[in-house]
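Novice: Dropping the structure in here first, questions after.
Please treat every number below as a calculation from the coordinates, not as lab data. The shown structure was predicted, so the numbers you read here are calculated from the model rather than taken from an experiment. No Cβ is skipped: glycine too gets one built from the backbone with ideal geometry, and neighbour counts run over all protein chains shown.
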Amino acid sequence: MTDERYSKLDQLGSESFAAATPEEARLERVENPALDADYLIRFTCPEFTSICPVTGQPDFAHIVIDYAPDRWIVESKALKLYLQSFRNHGAFHEACTMMIGQRLVDEISPKWLRIGGYWYPRGGIPIDIFGQWGTQPEGLWVPDQGVQPYRGRG
């Protein structure tokens, strides 16, 4: 028997493909199952890829998204497909990282969200991008994002 709360989810439980662009990608959401508690949800994408808008070469990042949900949580398969839609998207590191964070804020309106984009070196310089929306709820346990500073062969 199918739970009515999930009847509007088109991607979960069906064959789904990444959209051609992040703008076309659909982020689906479900109701927060623990509205009475402040808790942290973390998504880690260690193999994120996009395209340099100038050279057309691939860029690689380790993306970490932490958020304290309010009424909605993002459905994880939809998020995965959204992140995959960047594979052929041409944008600088800063634009990709902040676009992901803003889209999540727009779709699920969390109490608090932070994103860390740990980009692998381009031209010999790694770039780390951090964004935050809202205020971290008091008493919320937020572990370190666990991504070591880039050390190369050091």
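Novice: Quick check on this structure: which one of Glu23, Glu28 is without any contact (Cβ under 8 Å) to a residue 40 or more places away in the chain and either in contact with an Asp or Glu (Cβ under 7 Å, 6 or more places away or on another chain) or among the acidic types (Asp, Glu) (or both)?
Specialist: Glu23
Novice: Based on this model, can you work out whether Glu94 counts as assigned to a helix (DSSP H, G or I) and acidic (Asp, Glu)?
Specialist: So Glu94 passes the test.
Novice: Are any of the residues in segment 103-114 part of a loop (DSSP other than H, G, I, E, B), over 25 Å from Leu40 (Cα atoms) and either touching a Pro at 6+ places or on another chain (Cβ under 6 Å) or in contact (Cβ under 8 Å) with a residue 12 or more places away in the chain (or both)?
Specialist: Looking for residues that are part of a loop (DSSP other than H, G, I, E, B), over 25 Å from Leu40 (Cα atoms) and either touching a Pro at 6+ places or on another chain (Cβ under 6 Å) or in contact (Cβ under 8 Å) with a residue 12 or more places away in the chain (or both), one finds none in segment 103-114, hence no.
Novice: Now a separate question. So, of the residues in segment 130-154 that are in a strand (DSSP E or B) and either among the aromatic types (Phe, Trp, Tyr) or touching a Cys at 6+ places or on another chain (Cβ under 8 Å) (or both), which turns out to be surrounded by the most Cβ atoms within 10 Å (Cβ to Cβ)?
Specialist: Here the residue is Trp133.
Novice: Filter segment 70-91 down to the residues that are of a type in the set (Gly, Ala, Ser) and in contact (Cβ under 8 Å) with a residue 60 or more places away in the chain, then identify the one that is nearest to Pro22 (Cα to Cα).
Specialist: The extreme case among them is Ser85.
Novice: Also, quick follow-up: Six or more apart or on different chains, Cβ atoms under 7 Å: show the pairs whose first residue is in segment 123-137 and in contact (Cβ under 8 Å) with a residue 24 or more places away in the chain and whose second is assigned to a loop (DSSP other than H, G, I, E, B).
Specialist: Pro126/Tyr150; Gly134/Pro110; Gly134/Lys111; Gln136/Val142; Pro137/Asp38; Pro137/Lys111
Novice: If Ala37 satisfies all but one of (1) touching a residue at least 12 places away in the same chain (Cβ under 8 Å); (2) aliphatic (A, V, I, L, M); (3) outside any strand (DSSP E or B), what's the number of the condition it fails?
Specialist: Evaluating Ala37 over (1) touching a residue at least 12 places away in the same chain (Cβ under 8 Å); (2) aliphatic (A, V, I, L, M); (3) outside any strand (DSSP E or B) leaves (1) as the failure.
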